[in-house]
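Chemist: If you scroll down you'll find the structure; I have some questions about it.
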Amino acid sequence: MRIVIAGGKNEADYIIKTFKKRGNKIIVINDDEETAKFLSRENKVDVYVGDMTKKYVYEDIDASDFDLFIALSENDTDNYVACLFAKELFSIGRCICTVINPKNVELFRSLGINYTISSTYLLSQAIKQETGLDDLVKTMTMENDRIVLSEITILDTYQIANKTIVESKFPHYGNISCIYRNPEVIIPFGSTLILPNDKLLIVSSPENQKKLIEFVKKEKDEDHE
Amino acid sequence: MSIICVVLLDYKDGVIIIILMINKSIEPRIKRQRATFVFGCSHLGASIANLLNEKDEDVIIIDQDIFAFNKLPESFGGLKHVGDILDLNFLESVEIQSAKRVIIVTDDDNVNLLSSHICYYIFHIQNVYVRLFDLNKGELLTESKIKAFYPFTLSRDNLISLMEEED
């Protein structure tokens, strides 16, 4: 893979080292001459000294030949403009924009920079997933948070325990994609029995996650009422 | 709120007249609906805001630096707001979505470009004008109806026309 890494110092150094090991072709853009010398000396890569928000920089490095662009500068606006150049004018397939201000993650994504990431944003998402739900539920998200995968451990007090999926009347807005019953992994059908201590992996949209968890965790006693 | 009280005494007839004037707000009466927003109170921004205001347009000018408003004349009747034009919450608080037009003239091309995209794509404002020093950045606006103007071409064209007047 051919990769352009624009801006950043220590972050750039780390990413160059990670990708270089895998035999990728890397070119670096940096507007600071000292940083450029440091990155070139440390990693033996080509470094272009220039402003990543100028079109001629991309023409000089022949950017249209590259597959991945990563903007790492400390200025969110500069990263946005650099990604636009790479994406719109030089058709680089995948552009990753890092931002300092977590609010810019949603903003840049809605403006078409699909791979916008912020360490603070990622941290807050991780905390939300760990603390928002109790210990028996773990979640992960995919496709820019539009798909949620929830892992729920079944207790024998739950009303769906010891029932088949059909009998449990599992809601249509969620899908049990997999059941982990140590040491087995079961791809379930309607007739599959849900047992206590099973771990259900349920795919849903984020809007329906809470309703689904409430359904699964409904206690047997409530059911009789 | 300010209250002005005028007391007139007529001793001959024993009449006392009291006039109370209550002014609820000293803020200029600007309609935010259909107002022109100017982003950046540079010399150009201040001049455009004042010119439009003199033509009886409702004008709202925004800058991050309160001292930038010193460039406006005292007679300026528009609204002045201190804030970040890249902050969506701030823009919503000044009701940007009901703007008639937005003119973006901060000194940073990249800020201007991002700001124009926010106004056009997020708040769906159809009349967005943006100053860009770098002609190439205008190529990033071709998918939209955002209108860019360039000091580079204006200066060049002005010089050419001045040279045409040579004897």
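Chemist: Answer yes or no as to whether B:GLU57 is at pLDDT below 95 and in contact with a strand residue (DSSP E or B) (Cβ under 7 Å, 6 or more places away or on another chain).
Modeler: Answer is yes for this residue.
Chemist: Let me ask something else. Please state which of the following conditions B:THR106 fails to meet, knowing it meets all the rest: (1) modelled with pLDDT of 95 or more; (2) more than 17 Å from the chain's Cα centre (by Cα); (3) of a type in the set (Val, Ile, Thr).
Modeler: The failed condition is (2).
Chemist: Name the residues in region B:124-151 that are away from every other protein chain (no Cβ under 14 Å) and of a type in the set (Lys, Arg), would you?
Modeler: B:ARG131, B:LYS145, B:LYS147
Chemist: Could you say which residue among A:ILE92, A:ILE100 is of a type outside the set (S, T, N, Q), surrounded by fewer than 15 Cβ atoms within 10 Å (Cβ to Cβ), assigned to a loop (DSSP other than H, G, I, E, B) and modelled with pLDDT of 90 or more?
Modeler: Answer to the selection: A:ILE100.
Chemist: List every residue pair whose Cβ atoms sit under 8 Å apart, with the two residues 6 or more apart in sequence or on different chains, where the first one lies in region A:143-167 and is under 18 Å from A:GLU219 (Cβ atoms) and assigned to a loop (DSSP other than H, G, I, E, B) and the second, anywhere, is at pLDDT 85 or above and basic (Lys, Arg).
Modeler: What qualifies is A:ILE154/A:LYS199; A:GLN159/A:LYS218; A:ILE160/A:LYS218.
Chemist: State the number of residues belonging to region B:76-87 that are in contact (Cβ under 8 Å) with a residue 12 or more places away in the chain and in a loop (DSSP other than H, G, I, E, B).
Modeler: Count: 7.
Chemist: Name the single residue that is nearest to A:ASN79 (Cα to Cα) among those in region B:98-123 being of a type in the set (D, E, K, R) and either in a loop (DSSP other than H, G, I, E, B) or more than 10 Å from chain A (Cβ to nearest Cβ) (or both).
Modeler: For region B:98-123, the residue satisfying everything is B:ASP108.
Chemist: Here is a follow-up. Name the single residue that is surrounded by the fewest Cβ atoms within 10 Å (Cβ to Cβ) among those in region A:33-87 being closer than 14 Å to A:GLU11 by Cα and of a type in the set (Val, Ile, Thr).
Modeler: A:THR35
Chemist: If A:GLY8 satisfies all but one of (1) within 23 Å of the chain's Cα centre (by Cα); (2) buried (at least 18 other Cβ atoms within 10 Å of the Cβ); (3) in a helix (DSSP H, G or I), what's the number of the condition it fails?
Modeler: Condition not satisfied by A:GLY8: (3).
Chemist: Within region B:131-166, work out how many residues are in a strand (DSSP E or B) and either over 22 Å from A:LYS87 (Cβ atoms) or touching an Asp or Glu at 6+ places or on another chain (Cβ under 9 Å) (or both).
Modeler: Our first condition is that a residue be in a strand (DSSP E or B); within region B:131-166, this holds for B:131, B:147-149.
Filter once more, keeping what is either over 22 Å from A:LYS87 (Cβ atoms) or touching an Asp or Glu at 6+ places or on another chain (Cβ under 9 Å) (or both): B:131, B:147, B:149.
Final tally of qualifying residues: 3.
Chemist: Okay, moving on. Which ones in region A:27-74 are within 14 Å of chain B (Cβ to nearest Cβ) and either among the hydrophobic types (A, V, I, L, M, F, W, C) or in contact (Cβ under 8 Å) with a residue 24 or more places away in the chain (or both)? Walk me through how you get there before you give the answer.
Modeler: Keep residues of region A:27-74 that are within 14 Å of chain B (Cβ to nearest Cβ), which gives A:31, A:50-60, A:63, A:71, A:73-74.
A:ASP31, A:MET52, A:THR53, A:LYS55, A:VAL57, A:TYR58, A:ALA63, A:ALA71, A:SER73, A:GLU74 - these are the residues of region A:27-74 that are within 14 Å of chain B (Cβ to nearest Cβ) and either among the hydrophobic types (A, V, I, L, M, F, W, C) or in contact (Cβ under 8 Å) with a residue 24 or more places away in the chain (or both).
Chemist: Can I ask one more? If you take the residues in region B:60-71 that are surrounded by fewer than 21 Cβ atoms within 10 Å (Cβ to Cβ) and not small (Gly, Ala, Ser), which one is nearest to the chain's Cα centre (by Cα)?
Modeler: Of region B:60-71, the ones surrounded by fewer than 21 Cβ atoms within 10 Å (Cβ to Cβ) are B:64-71.
Filter again for not small (Gly, Ala, Ser), leaving B:64-67, B:69-71.
Numbers: B:GLN64: 13, B:ASP65: 14, B:ILE66: 14, B:PHE67: 15, B:PHE69: 11, B:ASN70: 14, B:LYS71: 12 Å.
Among them, the one singled out is B:PHE69.
Chemist: In addition: Taking the conditions exactly as written (more than 14 Å from chain A (Cβ to nearest Cβ), assigned to a loop (DSSP other than H, G, I, E, B) and surrounded by 11 or more Cβ atoms within 10 Å (Cβ to Cβ)), does B:GLU57 satisfy them or not?
Modeler: On the way: more than 14 Å from chain A (Cβ to nearest Cβ): yes; assigned to a loop (DSSP other than H, G, I, E, B): yes; surrounded by 11 or more Cβ atoms within 10 Å (Cβ to Cβ): yes.
So B:GLU57 fits the description; yes.
Chemist: Right, next: Looking at (1) in contact with a Phe, Trp or Tyr (Cβ under 7 Å, 6 or more places away or on another chain); (2) in a helix (DSSP H, G or I); (3) away from every other protein chain (no Cβ under 14 Å); (4) of a type outside the set (Asp, Glu), which is the only condition B:ILE62 fails?
Modeler: In the conditions (1) in contact with a Phe, Trp or Tyr (Cβ under 7 Å, 6 or more places away or on another chain); (2) in a helix (DSSP H, G or I); (3) away from every other protein chain (no Cβ under 14 Å); (4) of a type outside the set (Asp, Glu), B:ILE62 misses (2) alone.
Chemist: Sort out which residues of region A:158-180 are surrounded by 14 or more Cβ atoms within 10 Å (Cβ to Cβ) and either in contact with an Asp or Glu (Cβ under 6 Å, 6 or more places away or on another chain) or more than 22 Å from A:ILE147 (Cβ to Cβ) (or both), and write them in order of number.
Modeler: Matches in region A:158-180: A:TYR158, A:GLN159, A:ILE160, A:ALA161, A:ASN162, A:LYS163, A:THR164, A:SER168, A:ILE179.
Chemist: Kindly indicate whether B:PHE90 is aromatic (Phe, Trp, Tyr), more than 14 Å from every other protein chain (Cβ to nearest Cβ) and part of a helix (DSSP H, G or I).
Modeler: Taking the combined requirement at face value, the residue does not satisfy it.
The values are calculated or read from the model by the stated rules, or taken from the named source; none is laboratory data. What you are looking at is a predicted structure, and each value in this text was computed from that prediction instead of being measured. Cβ atoms come from the backbone with ideal geometry, glycine included; neighbour counts cover every protein chain shown.
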